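The values are calculated or read from the model by the stated rules, or taken from the named source; none is laboratory data. It should be emphasised that the depicted structure is a prediction, and the values quoted were computed from it without experimental measurement. All Cβ positions, even for glycine, are placed from backbone atoms using ideal geometry, and neighbour counts span all protein chains on display.
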Amino acid sequence: MSGDLLKSYRFREEREGDWQKLDLILTRAENGGVKTLTDEDMLALPRLYRQAVSSLSVARSISLDQNVIAYLESLCTRAYFFVYGTRTSLGERMMTFLRRDWPAAVRAAAWPTLLSALFFFGGGLLAFFLCLQDMDWFWTLAGDAFRDGRNPDATAEYLRSTLYSDGHGDGQLSAFSSFLFNNNAQIALFSFALGFAFGIPTAWLLVYNGVILGAFYAVFWQKGLGYEFTGWLMIHGVTELFAIILAGAAGFIIGGAVAFPGERTRLASARAAGQQAATIAMGCVIMLIFAALLEGFGRQLINSDVIRYIVAGTTLVLWLAYFYLPRRGGPG
């Protein structure tokens, strides 16, 4: 036993200086980036990495102290990514995500996106026409969601006052807007997260959210405020509802992979589809944040119906162009 310890001690003593040099270079690069390394460091890094790998191989073959082996394994793993790995900053990764990965994932999900839109707007249209025929449907479909007076019993004047910021009703308007955003954000995230259950919960959530919106839309439409309500909603709703539909598409991608795995196992099929779905879902978070900013500033600053429609139309064109126009040097 003492002979093994002596052998381990000598092995480490002869090589530990190079290991420490490599560790120091890696620590400096990890803390400050590769740009902090000198020319001497850059030249020494590959040599020290090869020596560390050689030391690890010898240590394993002669069964040295496990602490030495664990240390060398960690050191070699860290060095490998600096010698052979792709080195990009967080900013570069974000720009790659925004410029290429996210729009490419959305373009590749055209059919799931159409299916998601069908469930969402189909539920909305169904609730809208049911409520127009008989407003008692409103209480069945969405009555529990709106308990602040925005219902069929409200007057047209009251409903109109909820759509504009006059300095007096801002508190109510803010509370209602917050409800819409929180509800839509939850629907979007759950639509993606529950897609693994063959997409069934995703479809139900899309229909449910569409039904609530359709029933509420019918209330304003019946009072002759359809034009005004559409402008108020769409100034941020274009982005917000688009995010819900894309999140639903991400859920359907996973659900389709689980339901129809082909020659793969269900788990392997879901894993393969998960990267595209997760990329879309991450982008939806960005859209929801952007929608919240539009909603906050739009509610406070814009009371003109015309300007609201211009903003809504502009955001729609920009999102469609961003996602579906082909890019040079990129996929699609």
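Sort through ILE254, ILE280, ILE289 and tell me the only one that's in contact with a Leu (Cβ under 6 Å, 6 or more places away or on another chain) and closer than 25 Å to PHE119 by Cβ.
Answer to the selection: ILE280.
Could you tell me whether region 32-39 includes any residue that is part of a loop (DSSP other than H, G, I, E, B), touching a Ser or Thr at 6+ places or on another chain (Cβ under 8 Å) and on the phi > 0 side of the Ramachandran plot? Please lay out each step first, then the result.
Within region 32-39, the subset part of a loop (DSSP other than H, G, I, E, B) is 33, 37-38.
Narrowing the set further to residues that are touching a Ser or Thr at 6+ places or on another chain (Cβ under 8 Å) leaves 33.
Now narrow it down to the ones that are on the phi > 0 side of the Ramachandran plot: 33.
There is at least one residue in region 32-39 that is part of a loop (DSSP other than H, G, I, E, B), touching a Ser or Thr at 6+ places or on another chain (Cβ under 8 Å) and on the phi > 0 side of the Ramachandran plot.
Just to check your reading of the model, which residue among GLY283, GLY298 is at pLDDT below 85 and either under 28 Å from ASN151 (Cβ atoms) or not charged (D, E, K, R) (or both)? Give the steps one after another, and end with the answer.
Numbers: GLY283 fails: at pLDDT below 85.
When all the criteria are applied, what remains is GLY298.
Let me confirm something: among ASP18, ASP4, which residue is surrounded by 12 or more Cβ atoms within 10 Å (Cβ to Cβ) and modelled with pLDDT under 75?
Numbers: ASP18 fails: modelled with pLDDT under 75.
When all the criteria are applied, what remains is ASP4.
Quick one: how many residues across region 276-291 are surrounded by 19 or more Cβ atoms within 10 Å (Cβ to Cβ), of a type in the set (A, V, I, L, M) and more than 10 Å from the chain's Cα centre (by Cα)?
Initial filter on region 276-291 (surrounded by 19 or more Cβ atoms within 10 Å (Cβ to Cβ)): 276-277, 279-281, 283-284, 287-288, 291.
Now drop any that are not of a type in the set (A, V, I, L, M), which leaves 277, 280-281, 287-288, 291.
Filter again for more than 10 Å from the chain's Cα centre (by Cα), leaving 291.
Residues in region 276-291 being surrounded by 19 or more Cβ atoms within 10 Å (Cβ to Cβ), of a type in the set (A, V, I, L, M) and more than 10 Å from the chain's Cα centre (by Cα): 1 in total.
Select from region 25-75 the residues that are surrounded by 14 or more Cβ atoms within 10 Å (Cβ to Cβ) and among the charged types (D, E, K, R) and list them in ascending order. It would help to see each step written out before you state the result.
Within region 25-75, the first condition is being surrounded by 14 or more Cβ atoms within 10 Å (Cβ to Cβ), and the residues that meet it are 25-26, 28-29, 34, 37, 41, 44-45, 48-49, 51-53, 55-56, 59, 64-65, 68-69, 71-73, 75.
Hits for region 25-75 are ARG28, ASP41, ASP65, GLU73.
Can you list residue pairs whose Cβ atoms sit under 9 Å apart, with the first residue in region 38-54 being outside the structural domain of GLN20 (by TED's automatic domain parsing) and the second being surrounded by 13 or more Cβ atoms within 10 Å (Cβ to Cβ)? Count only pairs 6 or more apart in sequence or on different chains.
Pairs found: none.
Filter region 203-240 for residues that are surrounded by fewer than 23 Cβ atoms within 10 Å (Cβ to Cβ), under 15 Å from ARG150 (Cα atoms) and among the aromatic types (Phe, Trp, Tyr) and give the result.
Within region 203-240, TYR217, TRP221, PHE229 meet the criteria.
Of the residues GLU92, GLU157, which is loosely packed, with under 15 Cβ neighbours inside 10 Å, at pLDDT 75 or above, over 18 Å from TRP232 (Cα atoms) and among the acidic types (Asp, Glu)? Lay out the reasoning, then the answer.
Details: GLU157 fails: over 18 Å from TRP232 (Cα atoms).
One residue alone meets the criteria, GLU92.
What number goes with the only condition from (1) modelled with pLDDT of 90 or more; (2) out of contact with any Cys (no Cβ under 8 Å at 6 or more places or on another chain) that LEU246 does not pass?
(2)
Among the residues of region 144-152, is there at least one that is surrounded by 17 or more Cβ atoms within 10 Å (Cβ to Cβ), modelled with pLDDT of 85 or more and either hydrophobic (A, V, I, L, M, F, W, C) or not assigned by TED's automatic domain parsing to the domain that holds TRP221 (or both)?
No, region 144-152 contains no residue that is surrounded by 17 or more Cβ atoms within 10 Å (Cβ to Cβ), modelled with pLDDT of 85 or more and either hydrophobic (A, V, I, L, M, F, W, C) or not assigned by TED's automatic domain parsing to the domain that holds TRP221 (or both).
Determine whether region 102-110 contains at least one residue that is part of a helix (DSSP H, G or I) and either on the phi > 0 side of the Ramachandran plot or surrounded by fewer than 17 Cβ atoms within 10 Å (Cβ to Cβ) (or both). Give the steps one after another, and end with the answer.
Keep residues of region 102-110 that are part of a helix (DSSP H, G or I), which gives 102-107, 110.
Those left that are additionally either on the phi > 0 side of the Ramachandran plot or surrounded by fewer than 17 Cβ atoms within 10 Å (Cβ to Cβ) (or both): 110.
Yes, because at least one residue in region 102-110 is part of a helix (DSSP H, G or I) and either on the phi > 0 side of the Ramachandran plot or surrounded by fewer than 17 Cβ atoms within 10 Å (Cβ to Cβ) (or both).
Would you say GLY251 is modelled with pLDDT under 90 and either touching a Gly at 6+ places or on another chain (Cβ under 7 Å) or closer than 11 Å to PHE192 by Cβ (or both)? Can you show your working first?
On the way: modelled with pLDDT under 90: no; either touching a Gly at 6+ places or on another chain (Cβ under 7 Å) or closer than 11 Å to PHE192 by Cβ (or both): yes.
So GLY251 fails the test.
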